[in-house]
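Each remark here refers to the structure printed beneath this line.
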Amino acid sequence: MSRLLISAAHKSSGKTTVTVGICAALTQRGLTVQPFKKGPDYIDPMWLTQACGRACFNLDPYLMSQVQIQSSFANYSRLANISIVEGNKGLYDGLALDGSNSNAALAKQLDLPVVLVLDARGMTRGIAPLILGYQAFDPAIRIAGVILNQIGGSRHESKLRAVIEHYTNVEVLGAIGYDAQLAVTERHLGLMPNHELDDAAKRVSSMGELIAQGVNLDRVLSVSNISKNLTLSETSDSTSSNPSSTTPPAKKDLRIGIAQDKSFGFYYQDDLLAFEKAGVELVPFDTMQDADLPNVDGIFIGGGFPEIFMPLLEGNVALRQQLHKAIEDGLPVYAECGGLMYLARSIRWKDKSYDMVGAIPADIQMHDKPIGRGYIELESTPDAPWTDAGLAEAQERIKGHEFHYSSLENVATDMKYAYRVRRGHGADGVHDGLVVKNVLASYAHLHQNASSHWVEQFVAFVRDKKKERAK
């Protein structure tokens, strides 16, 4: 199985651009490339999916069990020529002091050779101790090569190659200079999502062509070729869903609307597949363009950047009014982060305020710095609508992540909350998961995995409410 992890010495080294370019270049060669992203992320996987023409899946040691990570990687890699995992932050960075959830730990677990993307601006001889230090820090990590990024020209490249060849045994797999065609606009959550750009496909194609000029793709394929297959853990994990299960999807008896447009696009592939397995037909709708709400049994509004499109969201009065009425009539709705913002009364940013759906009695205020950022741990309260939704027992602790630059203001004094926050910020540092009618709207992003079966819970809740309406 050919596989590798593309990581870096630190964040903002250009590894996402390099990874997307390599994936696009190999795909252009006719290879089947299966992309993965380490950690909680929506935007990078969207670009990787665009580059490979295959859905990118997240591998997160904090949110997922080891069994689930191994099973997911083995299953989705099965029919690929090569599997490429893009790391997050630096190779040895992670939440735990012992590095147990770092990129390096994932590389060891999945037996991944590591390619380091190094931002070489201003460096010559100093690049050697950097590489040597990364090798010495954990000898069990196989650093199979480096790609030099942001080089200052052919003379700079020659010096760097000479230094690396003289002082280390690490192969230089490529060198890339600055090129405007490789640049993707960054926003407060990272890269701009590809679904906001009309020319995303053209950009990815150009990135593949440019990376192919600077990176030796044959050597990348060579260092990724592992002779032995991945050995799956024998450890049982009753809470882990198995993506390689041959159980056929349930008969589709529910229709759940899903907001998919330039405002809302943050969805995990594992979650979307879980809906399908649960017998749900996901019905896309556009919050800015569609005049009518689709005929559905429930609604799912994920994260995104509604603050960027406030005028268009406010301008679609018909859809906002229909959604507000449907919620008042008891339609089950689950909303995450951007979805929560859309369901509130208004969003204020840069001294401008725009009306939103108004189903949640609160207003949204945007800030220049993040309010909640990183992993979050929640505990269900008695007001959580899904805890008794047909499951044997509710999850006592729910793990997720948050990344929001907004806060709630003018919240109704009698607001009910589904969660108590044990780690993170949530809605106010203490609570998260606002409950209104049959709506649960939260700043936390959940991922269907060993620590959260939220899709199954929400689907069961929607199914129960549909039965009640049919009586």
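Each reported figure results from applying straightforward, stated rules to the coordinates on display, with no laboratory input. Bear in mind the structure is a predicted one, so any value in this text is a computation, not a measurement. Neighbour counts run over all protein chains shown; Cβ positions are idealised from the backbone, glycine included.
Quick look at the numbers
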item	result
Cα long-axis angle, helix 43-52 against the chain (0 to 90 degrees, to the nearest 10)	60
Inter-label distance, nm, simple model (7 Å from Cα along the C-beta direction), Ala470/Ala291	3.2
Overall form of region 295-361 per C-alpha gyration tensor (a/c, 1.5; a/b vs b/c)	prolate
Set of lysines with alpha-carbon distance to Lys467 below 27 Å, sequence-local pairs under 8 removed	Lys251, Lys252, Lys277, Lys325, Lys416, Lys437
Summed residue charge, Cβ within 13 Å of Ala128's Cβ, Lys/Arg positive, Asp/Glu negative	+2
Net +/- balance of residues flanking Phe285 in space, Cβ distance below 12 Å, scoring K and R +1, D and E -1	-3
Reach of Lys465 by Cα under 18 Å, taken over aspartates and glutamates that are not fewer than 8 positions away in the same chain	Asp253, Glu281, Asp297, Glu328, Asp329, Asp383, Asp388, Glu456
Sequence of Met46, Met341 once ranked by neighbouring C-beta atoms within 10 Å, starting from the fewest	Met46, Met341
Cβ-based exposure ranking for Glu328, Glu209, in which fewest neighbours within 10 Å come first	Glu328, Glu209
Region 395-471-region 337-370 distance, computed between alpha-carbon centres (Å)	17
Within straight-line cross-link reach of Lys202, aspartates and glutamates at Cα separation under 20 Å, skipping those fewer than 8 residues along the same chain	Asp44, Asp179, Glu186, Asp261
Degrees separating the helix 454-470 axis from the principal Cα axis of the chain, which is the longest one	20
DSSP-assigned coil residues among trypsin sites (Lys or Arg not before Pro) in region 297-385, each with at most 10 further Cβ atoms within 10 Å	Lys350
Cα centroid separation - region 62-91 against region 1-51, whole Å	12
Of (1) 75, 53, 41; (2) 65, 49, 38; (3) 74, 55, 47, the label for Cα extents along the principal axes in Å derived from the coordinates	(1)
